[in-house]
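The values are calculated or read from the model by the stated rules, or taken from the named source; none is laboratory data. From a predicted model like this one, the values you see are computed outputs, not experimental measurements. FYI the Cβ positions are ideal-geometry reconstructions off the backbone, even for glycines, and counts take in every protein chain you see. Quick note on the areas: whole protein, heavy atoms, side chains included, nothing else; ligands and nucleic acids left out. Shrake-Rupley method; radii C 1.70, N 1.55, O 1.52, S 1.80 Å.
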2 protein chains.
Amino acid sequence: MRYEELTELARQLRVDSVRAADAAGSGHPTSSMSAADLTAVLLAHHLRYDFSDPGNPANDRLVFSKGHASPLLYSLYKAAGAIDDEELLTFRKRDSRLEGHPTPLLPWVDVATGSLGQGLPVGVGMALAGRYLDRVPYRIWVLSGDSEMAEGSVWEAVEHAAFEQLGNLKLIIDVNRLGQRGPTRHQHDLGAYARRLRAFGWHTVEVDGHDVEAVDKALGEAVRVEGRPTAVIAATRKGRGVAAVEDREGRHGKPLPDAEAAIEELGGPRFVRVEVEAPPAARVRRVRDLAPLALPRFEPGTREATRTAYGHALAALGSARGDVVALDAEVGDSTRTEYFKEEHPDRYLEFYIAEQQLVAAAVGLQARGWVPYASTFAAFLTRAHDFIRMAAVSRADINLVGSHAGVAIGEDGPSQMGLEDLAMLRSVHGSTVLYPCDANQTARLVAAMAELDGVRYLRTSRGETPVVYGPDEDFPVGGSKVLRGGDGDRAAIVAAGVTVHEALRAADALAADGIPVRVVDLYSVKPVDVETLDDAARETGCILTVEDHRPEGGIGDAVAEAFSDGRPAPRLARLAVGGMPASATPDEQLHAAGIDAESIAAAVKLLVGRGVAP
Amino acid sequence: MRYEELTELARQLRVDSVRAADAAGSGHPTSSMSAADLTAVLLAHHLRYDFSDPGNPANDRLVFSKGHASPLLYSLYKAAGAIDDEELLTFRKRDSRLEGHPTPLLPWVDVATGSLGQGLPVGVGMALAGRYLDRVPYRIWVLSGDSEMAEGSVWEAVEHAAFEQLGNLKLIIDVNRLGQRGPTRHQHDLGAYARRLRAFGWHTVEVDGHDVEAVDKALGEAVRVEGRPTAVIAATRKGRGVAAVEDREGRHGKPLPDAEAAIEELGGPRFVRVEVEAPPAARVRRVRDLAPLALPRFEPGTREATRTAYGHALAALGSARGDVVALDAEVGDSTRTEYFKEEHPDRYLEFYIAEQQLVAAAVGLQARGWVPYASTFAAFLTRAHDFIRMAAVSRADINLVGSHAGVAIGEDGPSQMGLEDLAMLRSVHGSTVLYPCDANQTARLVAAMAELDGVRYLRTSRGETPVVYGPDEDFPVGGSKVLRGGDGDRAAIVAAGVTVHEALRAADALAADGIPVRVVDLYSVKPVDVETLDDAARETGCILTVEDHRPEGGIGDAVAEAFSDGRPAPRLARLAVGGMPASATPDEQLHAAGIDAESIAAAVKLLVGRGVAP
């Protein structure tokens, strides 16, 4: 396109952004208007994308990190012929796929945005896929706002992109000077951004973001740079083109005061249609099925840590499936992903101590068709909570594995203990939460995870636990195992992970005292096995949950929820980590927290004797 | 001290670190040994601290961000005469206050560390207190590892410290080249760190971290620099001084293989005692009581958003108490902290879009005696989950306020909706979780929060809700309000926030249909009002919870937990946001999620009619 046409296109994008927000009665037209020239040039001259085939593996990717500029994104889709004007005006209305912030309900949106500072780290994941896994020369274009450069997650990504020499990653920063409530820290000081990015090893280009010729050259330069990521840092004006709002405070996140006048001022509606360049043909080299799955097998009666079983199982899964990728945050010797690395170094990605980037990369990788397993300490997955939450909005299929669960880690103390992870992961929409107690169970669940939808979480333990299951036992997701029990059980102990073994010891002691109890291994915390819990409730009358986790949000809540559908509930009691642990041995920790065999037996006695739990 | 003595002191610190870890059988001696020279010089020549009076407001602060180097910290305490050798050797043992990672069980530890990348952001909070609030020239010394520079939270802090010209903040980076599982990204490239920090506006000094004379000069330079933060970037060797471990991989986080030989190699035990310089006398200017509290009063029957009531109440609290500080992450116009800013600009701190730094600063401020209220969207508090978790380990007293709760925000869509926040905050040890439904209730709870211990959370709503309480009503934490009810109630609806109003409408409709129901406003989600719930259970036989939150971890779980102590439970059912919302109006959202009056009434009818919930 000639530069005059690009300017026309940009004006159309502004007009359509104003119209969409006006029709919706809400939205962010001013944040759209600042980036209209940038994205007009990108769409018309630099993006290689087949809108009729969004799954084309050679397509560039466009991540709108400033997701609130959704009117602009949808106006771009309209200009590309992907949606029509009628649909554009459904923006933010019920049942429209044009949501307030973009989600993959639209086939051209790979990941949801709207929580700022996520687009670049997710883009890093996609770029890693392109450079190291797919080995296809697609480019990842990320449009970022200037405000969101304050998010630490952005700098995790900046560091990692340079370290990994992601020349296929192109960041466009729309420096429109104004955040939500006022000026940003650096306002129009483009150099402030450029200096920082260059110090991390990026190539930078500073440009007037409203000069389409200059923007075209800047994006062209970005395309040509190889071997390192490039940022095009563009000075723009929020609300550009409409004097009543341009570069003014107090105009964030609302329709223009007089849309009709604004459209007039912008020169009225236009009907520019862009032919977006299709990508050159390319194929990803990925082979899904490599070999039959040969999971590790552990001898019942021996002892092994579930984290160790995880590492071996993941390595085995990687040998069977060519699409499995392991990610870690500099603790692969602890999480045991190092076993995967040894066997499949080409599909192992190290993120150093940057958990947000770790999870964001998993989201980016799955958007390119890979099956990521991202691991770190369960406690430190809390760093990535917002990314996990947004992964669900992205309808992302990712596997997360948190090791060092609970007080059972021992001496390291509470900073290292995953004690809130079940609560966090249970609350994620569509998630699966698994918590194995032995090595064979772990191995089977690691393989099962790969087949599920959504965010799947596996919780592993640091210390060795007895192998109680045979290697051929099935562990359906949503199931549980009754490890002790029969007619006449006076209570059911529901446990998972390390507390299963404490429950078994308690059950044996109680049986010796003439109190038969049932032990349920609730390895699937979400979804939960309602049927088995129902049986236990009906047949024993009371259920005691025991967990190495805070009392809130974990197994106790999961079991209570199973009885929260209006049926008569059994008597319920729970043992969990109520206090703040300090340093002690694992056994001392379990005892101090009141979740060891002795505490369980005492609680059951209270429960069956007097109907009052401790 | 002469340099020879400093070297002796550093050797003593190494020996004691080795001894402590050896006695414990675990711990991180090699990570301690790398920083021994740095901290020896700091303690003997630059730190101004009265160990006999850790509460002295003029004391410098030392934040051991690399908390796993706790053997070194405790060895420093011993060298300063704060603990004796006998206590040093209790390291990591049950009932010892020398935990695996430092916590404020020790009077000289202000904040817990051990989750890497938190020390600097917390230090920024302390430095902000020193520069802008206390106006006392204490210095904040942060000892950081090199691995943790990968955490985005560090760069949020780097940016903010420079922007706020925190000349009182002195960062020492122990660049020992090795992370947990191997080399860091930049290994011994000090310039990589220096370039980045300088680009953000820091003063940097590069130094050989084992040359005590050079270190002394570097720290002296750091002391003299004003107007901007300084980083002393020190090249060190992990395990320094013991050939078997020095600069070797695979030696992280474990005692030395032969402690006796190592101590011998280090020259054997020493008995250097350091007289730490006391700070110059200073007083903080803080006045706690300024005026009687005059909370805003809202007229019953009018409508107001609870977020708006929060803003006015916080401003009023700030007028009454001089120790209250408001913090926000660039959304003060949405959270309504802007009302506080208008009245108390000197106690308002803007963190831009950096939620980890926001919460970390709150932790730092409370460590200096301030009462922080940190606000952002509830959804975005998930960014700071790890900081909130660690705040509990720090025994920090902080107020967090999350606005824009639930689907009730309407068109913006799921990325902006706080739907997991109750689960996150309930699971935090010792937390309080409050969720008001009207403006007067909000105002009272805002004031009540300030008096509580631990992490306190207030959840506010975007849209206006009817004022249903008078301005003089009391709302004790741990209480609830029965808004409808009497003899013959056939069910109890337990709600909070926006769903209270839906429940009231449902109750009126049900009453008209001849089905009297109770409505409980559960404004205190944690602790929960067990007595009122018990009454409701006993008198109605079934309880329906309704919440604008995910089904997991919120009000439904809180109510179920109230009946999880072995007592016979009532029939329970819950309505919550089970699906993934898109864009729609607030009313449409509540209806689509099945938590509006109509859905509630239908659920109650099923519950009382056939005993089966939807």
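Things to note:
- Label point of A:Asp565 set 7 angstrom out along Cα-Cβ; within the range A:446-488, amide nitrogens under 15 Å from it belong to A:478-479.
- Here's the picture: a label point sits 7 Å out from the Cα of A:Thr302 along the beta-carbon direction, and within the range A:479-508 nothing has its amide nitrogen under 19 Å of it.
- Take the Cβ atoms of A:Glu539 and B:Glu539, set R0 to 30 Å, and the FRET efficiency comes out at 0.50.
- Other-chain or far-sequence residues with amide H under 5 Å of B:Val433's (modelled H): B:Tyr457, B:Val525, B:Lys526
- Isotropically averaged projected area of the range B:481-610, using the convex hull of Cα atoms (one quarter of hull area), nm²: 7.5
- Loop-located GluC sites (Glu not before Pro) across the range B:399-476 with a Cβ neighbour count of 15 or fewer within 10 Å are B:Glu451, B:Glu473, with loop assigned by DSSP.
- Largest first, the residues B:Asp453, A:Asp146, B:Asp412, B:Asp95 sort by 1.4 Å accessible area into B:Asp95, B:Asp453, B:Asp412, A:Asp146.
- In nanometres and ascending order, the distances from the A:Arg224 label point to those of the other copies are 4.7 (point 7 Å from Cα along Cα→Cβ).
- A label point on A:Gly25, set 7 Å along the Cα-to-Cβ line, lies at 6.8 nm from each of its counterparts in the other copies, closest listed first.
- Average accessible area per residue (Å²) across the range A:3-266 - probe 1.4 Å, nucleic acids and ligands excluded: 28
- The equivalent ellipsoid that matches the C-alpha gyration tensor of the range A:302-467 spans semi-axes of 21, 19, 15 angstrom, in descending order.
- The count of lysine pairs in the range A:3-266 with alpha-carbon distances below 28 Å, taking only pairs 8 or more places apart or on different chains, stands at 17.
- Shielding by partners for peptide B:404-411, expressed as the average number of C-beta atoms from other protein chains within 10 Å of each residue's C-beta, is 2.
- Using the 1.4 Å probe convention, the accessible area of the range A:354-418 works out to 8 Å² per residue with neighbouring protein chains retained.
- Comparing each chain alone with all protein chains together (probe 1.4 Å, DNA, RNA and ligands left out), none of the residues of the range B:6-32 loses at least 40 Å² of accessible area.
- Ordered from highest to lowest accessible area with the whole protein assembly present and a 1.4 Å probe, B:Arg288, A:Arg538, B:Arg196 read as A:Arg538, B:Arg288, B:Arg196.
- Cα long-axis angle, helix A:190-199 against chain A (0 to 90 degrees, to the nearest 10): 50
- Sequence-distant residues sharing a close amide H with B:Arg518 (under 5 Å, placed H): B:Arg490, B:Ala491, B:Ala492, B:Ile493
- Considering only the range A:302-467, percent of DSSP beta bridges that pair antiparallel, nearest 5: 10
- Residue list for the range A:285-299, given a label point 7 angstrom along the Cα-to-Cβ vector of A:Glu464 and an amide N cut-off under 18 Å: A:297-299
- Relative protection proxy for A:162-168, B:490-496, from highest mean packing down: B:490-496, A:162-168 (other beta-carbon atoms within 10 angstrom).
- Ordered from highest to lowest accessible area with the whole protein assembly present and a 1.4 Å probe, B:Leu434, A:Leu295 read as A:Leu295, B:Leu434.
- Enclosing the Cα atoms of the range A:128-232 in their convex hull gives a volume equal to 93 cubic angstrom per residue.
- With the simple model of a label 7 Å out from the Cα in the direction of the Cβ, B:Ala294 to A:Glu86 spans 6.0 nm.
- In this view, the solvent-accessible surface of B:Met424, computed with a 1.4 Å probe and all protein chains in place, comes to about 0 Å².
- Spatial separation of Cα centroids for the range A:57-113 and the range A:1-30, in angstrom: 14
- Fraction of antiparallel bridges per DSSP, the range B:472-585 only, in percent to nearest 5: 20
- When the helices of chain A are scored as -39500 (n - 2.57) per DSSP H run of n ≥ 4 and the total is divided over every residue, the value at 222 nm lands at -10500 deg cm²/dmol.
- Note on the range A:141-219 and the range B:281-341: Cα centroid distance 36 Å, given to the nearest whole angstrom.
- Residue-wise HN-Hα couplings along the range B:18-26, as the Karplus relation 6.51 cos²θ - 1.76 cosθ + 1.60 with θ = phi - 60° gives them from phi, are 5, 5, 4, 5, 5, 5, 6, x, 6 Hz; Gly and Pro carry x.
- Principal axis analysis of the Cα atoms in the range B:143-189 yields extents of 35, 18, 16 Å, listed in decreasing size.
- In whole angstrom, chain B maps to an equivalent ellipsoid with semi-axes of 51, 25, 20, each derived as √(5λ) from the alpha carbon gyration tensor and ordered largest first.
- Using only alpha carbons, the protein assembly as shown has a radius of gyration to Kirkwood radius ratio (Rg to Rh) of 0.95.
- Cα shape, the range B:458-515, gyration tensor, a/c 1.5 rule: prolate
- For the range B:481-488, putting each phi into the Karplus relation 6.51 cos²θ - 1.76 cosθ + 1.60 with θ = phi - 60° gives couplings of 10, 8, 8, 9, x, x, 4, x Hz, in residue order, rounded to whole numbers and with x for Gly and Pro.
- Reduction of at least 30 Å² in accessible surface, 1.4 Å probe, comparing all protein chains with the chain by itself, residues of the range B:325-346: B:Glu330, B:Asp333
- Rounded to whole Å, sorted largest first: equivalent-ellipsoid semi-axes of the range A:3-266, Cα gyration tensor: 27, 21, 16
- Sorted from shortest to longest, the distances between the A:Glu531 label points of this copy and the other copies are 4.5 nm, with each point 7 Å from Cα along the line through the beta carbon.
- Accessible surface of chain B [probe 1.4 Å, protein heavy atoms]: carbon and sulfur percent: 46
- Ligands, DNA and RNA excluded, the heavy atoms of B:Met580 present near 40 Å² of accessible surface to a 1.4 Å solvent probe.
- Debye-sum result for the range B:267-348 in log10 I(q)/I(0), which assumes one identical scatterer on each alpha carbon, at q = 0.13, 0.15, 0.20 Å⁻¹: -0.55, -0.64, -0.93
- Crossing angle, helix B:70-79 versus chain B [Cα axis fit, 0-90 degrees, rounded to tens]: 60
- Degrees between helix A:530-540 axis and first principal axis of chain A (Cα, 0 to 90, nearest 10): 30
- Per residue accessible area in Å² of the range B:435-587, where ligands, DNA and RNA are left out and the probe is 1.4 Å: 29
- Hz values of 3J(HN,Hα) by residue in the range A:311-326 - Karplus curve (6.51, -1.76, 1.60), Gly and Pro given as x: x, 5, 5, 5, 4, 5, 5, x, 6, 7, 10, x, 9, 8, 10, 10
- Theoretical gain in end-to-end length, A:Val482 to A:Glu249 [0.36 nm per residue, Cα-Cα removed]: 77.6 nm
- Solvent-accessible area of B:Arg270, all protein chains in place: 30 Å² (probe radius 1.4 Å, heavy atoms, ligands and nucleic acids excluded).
- Interface area, B with A, accessible, probe 1.4 Å, both sides summed, Å² nearest 100: 8600
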